[in-house]
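Undergrad: Attaching a single structure in structure tokens format; questions to follow.
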Amino acid sequence: FHNNTNALMGLLDLAVATNNDWLKQFVREGYAHAVRNGILRMGWFPAFATPERYNRPAKWSHIMEPCCVADMVVLSVKLSDAGLGDYWDNVDSIIRNYLITQQMDDLDFMLKVSYVQAGSDGEKLMKGFVGGFCHGEPTTVWRDNPYGMSACCTVNGAQSLYYAWHGITRFSRG
């Protein structure tokens with residue numbers, strides 16, 4: 001899912017730069033397909049839409065990678081900016097209902113699940129991950145069943161919050 005949404009973002013940038021209407025519509029249709037593979041109002045999108053097709057366990061369709069959710073936020077903002085629709089309600093649903101729940105904010109719990117001792121050098125390292133993002137499932141947030149703290153998910157999650165914030169705070173035409 002993450003690879004596909006990343007490709008759509010790159011194609012949208014190219015479409016906007018070259019004013020290619022066909023490519024813009026292609027990206028918009030790809031976004032609509034991505035939406036159909038998740039639960040938009042919940043803000044949840046799977047790490048793998050059809051893992052069985054690629055000889056992966058079916059249970060992988062339940063795992064949510066914050067990168068996927070973050071990509072959908074960025075793509076929603078970019079599509080709105082490109083004039084291809086109004087996707088701001090999607091941004092709101094995704095961030096409010098799922099992305100923010102995947103943000104790690106409890107250092108004590110993070111230390112517990114990573115088997116890092118308080119007061120150790122590892123704790124100093126873990127402090128840098130507070131506010132980062134972690135994997136989950138549709139009905140399980142990271143506190144209930146942490147899959148791991150991922151550097152890529154932390155970067156993509158933060159990027160999506162930037163895109164959303166920047167998008168709602170800017171204005172034009174007065």
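Undergrad: Please enumerate the residues belonging to the range 1-40 that are closer than 17 Å to ASP81 by Cα, open to solvent by less than 70 Å² (accessible area, probe 1.4 Å), touching a residue at least 12 places away in the same chain (Cβ under 8 Å) and not polar (S, T, N, Q).
TA: LEU8, MET9, LEU11, LEU12, ALA15, LEU23, LYS24, VAL27, GLY30, TYR31
Undergrad: Is it the case that VAL69 is among the hydrophobic types (A, V, I, L, M, F, W, C), touching a Leu at 6+ places or on another chain (Cβ under 6 Å) and open to solvent by less than 30 Å² (accessible area, probe 1.4 Å)?
TA: Yes, satisfied.
Undergrad: Just the residues that are open to solvent by 40 Å² or more (accessible area, probe 1.4 Å) and in a helix (DSSP H, G or I), please, taken from the range 41-52.
TA: Within the range 41-52, GLU52 is the sole residue that qualifies.
Undergrad: While we're on this one: Determine which single condition SER80 fails, assuming it passes every other condition in (1) over 15 Å from ILE168 (Cα atoms); (2) of a type in the set (Gly, Ala, Ser); (3) touching a residue at least 40 places away in the same chain (Cβ under 8 Å).
TA: (1)
Undergrad: Return the residues of the range 72-105 that are more than 15 Å from the chain's Cα centre (by Cα), open to solvent by 50 Å² or more (accessible area, probe 1.4 Å) and either closer than 30 Å to ASP121 by Cα or among the polar types (S, T, N, Q) (or both); say none if nothing qualifies.
TA: If the condition is that a residue be more than 15 Å from the chain's Cα centre (by Cα), open to solvent by 50 Å² or more (accessible area, probe 1.4 Å) and either closer than 30 Å to ASP121 by Cα or among the polar types (S, T, N, Q) (or both), then ASP105 is the only one that fits.
Undergrad: Could you tell me whether LYS112 is charged (D, E, K, R), at pLDDT below 85 and assigned to a helix (DSSP H, G or I)?
TA: Spelling it out, LYS112 is indeed charged (D, E, K, R), at pLDDT below 85 and assigned to a helix (DSSP H, G or I).
The values are calculated or read from the model by the stated rules, or taken from the named source; none is laboratory data. Just so you know, these numbers come straight off a predicted model, no measurement behind them. Quick reminder, even Gly has a Cβ in these numbers, built from the backbone with ideal geometry, and neighbours come from all protein chains shown. Only protein heavy atoms, including side chains, enter the accessible area calculation; ligands, DNA and RNA are left aside. Shrake-Rupley method; radii C 1.70, N 1.55, O 1.52, S 1.80 Å.
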